[in-house]
Amino acid sequence: MTQPLSPALRADLQRLVGEDGVVTGPEAHVYERGYRHGAGRALAVVRPSTVEATAAFVGYAARQGLRIVAQGANTGLVGASTPGPDGDQIVLSLESLRRIEALDAADRTATVQAGVRLSALNAAAAPAGLWLPIDLGADPSIGGMVATNTGGTRQLRYGGMRRRLLGLEAVLPDGTLLREMRGLRKDNVGIDVKQLFVGTGGSLGVITRAIVELAPVLRRTATALVAPASIAAIPAILRDIESRVGAMLTAFEGISCEALAATLRRHPSLANPFAPDPIPPYVLLIEFGATEADREVEELLVALLAELADSPVALITDARVGAPERIWAIRHAISDSLRHEGRVIAFDVSVTRSRLPAFRADVVGRLAEDFPFLRVCDFGHWGDGGLHLNLVWPDASGDVCGTEWRVRDLVYTVVEAHGGSFSAEHGVGPINLSVYRRYTPEPCQRLGSNLKTLLDPHARLGAVHFA
Ligand SMILES: Cc1cc2nc3c(=O)[nH]c(=O)nc-3n(C[C@H](O)[C@H](O)[C@H](O)COP(=O)(O)OP(=O)(O)OC[C@H]3O[C@@H](n4cnc5c(N)ncnc54)[C@H](O)[C@@H]3O)c2cc1C
């Protein structure tokens, strides 16, 4: 819980962001705990409702030497949106900056304040037949999505947040408002400063507004759960489908048997899509989508899957085309379902797409040897080479933290050996800062650290310090 504020600080904060903008006591608790990691103590929580008040607060904090951690919807997974244990950081919640300022159908753009939720933007854009095509099992804020460069299940088709960003406004650590809000699709005039704020987790500035590129909504989709002949066959399946349907492939996800079984145990109403057969050892979620309402996507998907099954060397052994909402309900329920199976040691790693089978075989084999009590419940974005390698430890006991770190060590070593990334989507936070230090090349770290020092010399912004 936040500590009692000194009367002088409370008065200053209330003057800057209004009485309702300062949150203390039990109401502040939700801002201090992260979704998966991060449980600290804030000096205070402030929730300004205008950009001007946000900039005024950041400038005040700089003059007073106060530390800030920005927070959007608090769905981040590396503990970077919540304060540390020392009670010396102020949580700056952007949730009251929630105005959708403009929707432009001709330019296919939306101008939004940072606290607008993805679901709210998509609801507002739907009547114009548009959406922000980033799809995930959470409902983040647009500012948080920029700060973490959110990817999601349709990155294969639409790219992540970096690609969708056309304009940005941010408050720099000294309180200066930086505005690059022209919404240009083409603008090659040197360093693209707005990109500095993408994926840097609020460590270089506080995002207050953004212009994002929307896409026409998919009017027809067809979704299937597919059993590949083997995991080694998956890259060939992907290549084959991409070469035949191109951009119509909107998702290509993988789900292990263990992850699917855990999800169905947690949500019996979803039922085994392969019934009466058992769940196959590995399952692909394949989606075709078209913006034309009359496009025969389902027929195309069924025909293509039949060809893959009937080819001389069958690439798939089974396929079930089903209601998209039902199949996506399974996919989006995995992460939460695993939490009910035991302690989850979660990884968000990536390698090149073609290397995923070898990487997975390697890491699963080594885990089975050293940690036979862990259940590998992986799932993820095979189309982008991303794997949520979630390991369930049903009856965690003994030196849990020590064991967890040994597991992490093993996995990161294998990731490194395969030329991969220890954080494919979720970014860097207190939970994996030491891994960043270990595996990020020194010149990259030095450049990052120099940038941080330039913009935030006293390291007052963000949950982690790259300096
Ligand atoms: C069930 C579930 C599924 C998920 N699936 C995916 C997935 O498929 N792909 C993916 O990429 N991510 C995924 N995530 C992670 C998460 O949703 C994203 O990282 C998200 O976009 C973060 O947005 P947020 O508004 O919740 O940010 P927060 O969690 O509030 O903050 C995240 C980081 O951004 C910073 N930040 C937030 N707002 C601002 C701002 N206005 N200015 C500056 N910095 C700011 C914070 O300081 C912190 O460092 C998932 C999360 C959950 C819980």
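Out of L184, L225, I need the residue that is over 24 Å from S119 (Cα atoms), buried (at least 20 other Cβ atoms within 10 Å of the Cβ) and either of a type in the set (A, V, I, L, M) or at pLDDT below 95 (or both). Which one?
Answer to the selection: L225.
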Q) Taking V171 and the conditions (1) within 12 Å of the ligand (Cβ to nearest atom); (2) touching a residue at least 60 places away in the same chain (Cβ under 8 Å); (3) touching a Phe, Trp or Tyr at 6+ places or on another chain (Cβ under 7 Å), which numbered condition does it fall short on, given that it satisfies the others? A) (3)
Q: Hey, can you tell me all the residues within segment 325-345 that are out of contact with any helix residue (DSSP H, G or I) (no Cβ under 7 Å at 6 or more places or on another chain) and buried (at least 19 other Cβ atoms within 10 Å of the Cβ)?
A: I327, W328, R331, S335
**Q.** Criterion violated by E213 - all others in (1) crowded, with 22+ Cβ neighbours inside 10 Å; (2) under 24 Å from the mean Cα position of the chain (by Cα) satisfied
**A.** (1)
**Q.** Residue check for V313: away from the ligand (no atom under 16 Å from the Cβ) and in a loop (DSSP other than H, G, I, E, B)
**A.** yes
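Just to check your reading of the model, which residue among R108, R41, R63, R99 is more than 13 Å from the ligand (Cβ to nearest atom) and at positive phi?
Exactly one residue qualifies, and that residue is R108.
Given T153, T176, T148, which one is within 8 Å of the ligand (Cβ to nearest atom), over 16 Å from G72 (Cα atoms) and of a type in the set (V, I, T)?
Working: T176 fails: within 8 Å of the ligand (Cβ to nearest atom); T148 fails: over 16 Å from G72 (Cα atoms).
It is T153.
Results for (1) in contact with a Leu (Cβ under 6 Å, 6 or more places away or on another chain); (2) closer than 19 Å to D135 by Cβ, shown as yes or no for each residue.
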| residue | (1), (2) |
| --- | --- |
| I231 | no, no |
| T250 | no, yes |
| V283 | yes, yes |
| A303 | no, no |
| E307 | no, no |
| D310 | no, no |
| G322 | no, yes |
| W328 | no, yes |
| H332 | no, yes |
**Q.** From the options P430, P441, residue that is out of contact with any His (no Cβ under 6 Å at 6 or more places or on another chain), of a type outside the set (D, E, K, R) and loosely packed, with under 15 Cβ neighbours inside 10 Å
**A.** P441
Q.
If a residue must be more than 9 Å from the ligand (Cβ to nearest atom), crowded, with 21+ Cβ neighbours inside 10 Å and not in a strand (DSSP E or B), how many such residues does segment 111-131 contain?
A. 3
**Q.** Selection count where residues are among the aliphatic types (A, V, I, L, M) and more than 9 Å from the ligand (Cβ to nearest atom), scope segment 69-90
**A.** 1
Q | Matching entry among E32, E19 (being outside the structural domain of W131 (by TED's automatic domain parsing) and either in contact with a Phe, Trp or Tyr (Cβ under 9 Å, 6 or more places away or on another chain) or without any contact (Cβ under 8 Å) to a residue 24 or more places away in the chain (or both)) | A | E19
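The values are calculated or read from the model by the stated rules, or taken from the named source; none is laboratory data. Note that the coordinates shown come from a computational prediction; the quantities given were computed from them, not determined experimentally. Cβ coordinates were reconstructed from backbone atoms using ideal geometry, including for glycine residues, and neighbour counts include every protein chain displayed.
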